[in-house]
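Let me begin by presenting the structure, written as structure tokens, before commenting on it.
The values are calculated or read from the model by the stated rules, or taken from the named source; none is laboratory data. All of these numbers come straight from a predicted model, not from anything done at the bench. Counting neighbours? That spans all protein chains shown, and the Cβs are built from the backbone with ideal geometry, glycine included. Keep in mind that these areas ignore ligands, DNA and RNA; they rest on the heavy atoms of the full protein, side chains included. Shrake-Rupley method; radii C 1.70, N 1.55, O 1.52, S 1.80 Å.
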Amino acid sequence: MKKADINEFFRRMSEANPEPKGELDYVNPFTLLVAVVLSAQATDVGVNKATGPLFAVADTPEKMLALGEDTVRDYIKSIGLFKTKAKNVIKLCEALIRDHQSQVPQTREELEALAGVGRKTANVVLNIAFGQPTIAVDTHLFRLGNRTGMAKGKTPLEVEKKLAKVIPKEYLRHSHHWMILHGRYVCKARKPDCPNCLVEDLCSFKGKTTIA
């Protein structure tokens, strides 16, 4: 995509949805961190069903640690990989209390040192909790980067770095939310809804659909 087209892409996204929001429920940076850790290979809807009751009783590292791994596991057993995730949640609580005065750190390096936290998770937390202009490349962003021609790459990191270079600074903070929502509801994997896409004319995808 040309620079002017990329700018127009995000201008339209911004105009249509000035303040895009993630779809995971949370009450503070700690619960956001836990929710994002739990969302790996799971849907936001499924995670929210489990974390509603969990966060009602444990919205701090101390409260979560006091529940214990077995109880946390019971709360999240409807989520995929729940055994490993429960173990990671307890470990990250221990680390937050021990190393960060129970506060969620605000650097990618410190976040990635926590159990169950990879680059994508760290980027989501930095963006949503602290307003940093990070780009979390999930399956939707990876698909959009390649499909639109905006940022082609063979790995999520490659796509992330290219997106960070080409997206205008004024749109960086919200860019990954716009792209996630667009990929989830319009530019879907199996059958993109090109007729109802507000940026269809800017996209270089060769397999565009003509019927919604």
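Descriptive notes on the structure:
- For the range 103-170, the equivalent ellipsoid derived from the Cα gyration tensor has semi-axes of 23, 13, 9 Å, listed largest first.
- Per-residue 3J(HN,Hα) values for the range 145-156, derived from phi via the Karplus relation 6.51 cos²θ - 1.76 cosθ + 1.60 with θ = phi - 60°, read x, 7, 5, 6, x, 5, 8, 7, x, 8, 10, x Hz in sequence order (x marks Gly and Pro).
- Per-residue HN-Hα couplings for the range 44-55 [Karplus 6.51, -1.76, 1.60; θ = phi - 60°; Hz; x = Gly/Pro]: 4, 4, x, 5, 4, 4, 7, 7, x, x, 5, 5
- Cβ-Cβ distance of Lys63 and Arg119, R₀ of 30 Å, FRET efficiency by 1/(1 + (r/R0)^6): the value works out to about 0.60.
- Across all Cα atoms of the range 158-212, the radius of gyration (one decimal) and Dmax (whole number) stand at 12.3, 35 Å.
- Relative intensity of the range 1-146 on a log10 scale, I(q)/I(0) at q = 0.21 Å⁻¹, equals -1.34, per a Debye sum over C-alpha point scatterers of equal strength in the absence of solvent.
- Taking all protein chains into account, the per residue accessible area for the range 102-184 stands at 44 Å² (1.4 Å probe).
- Size-normalised alpha-carbon gyration radius of the range 18-77, reference 2.2 N^0.38 Å: 1.10
- Most positive-pole-ward Cα, Pro18, Val45, Met64, against dipole of the range 15-89 from beta carbon charges: Met64
- Protection proxy ranking, peptides 198-206, 146-154, average beta carbon neighbours within 10 Å, highest first: 146-154, 198-206
- Whole-Hz couplings from phi, Karplus 6.51/-1.76/1.60, listed for the range 85-92; x for Gly and Pro: 5, 4, 5, 5, 4, 5, 5, 6
- With respect to the chain, whose longest principal axis is taken over its alpha-carbon atoms, helix 169-185 is tilted by about 90°.
- Gap separating the Cα centres of the range 124-166 and the range 38-111, nearest whole Å: 25 Å
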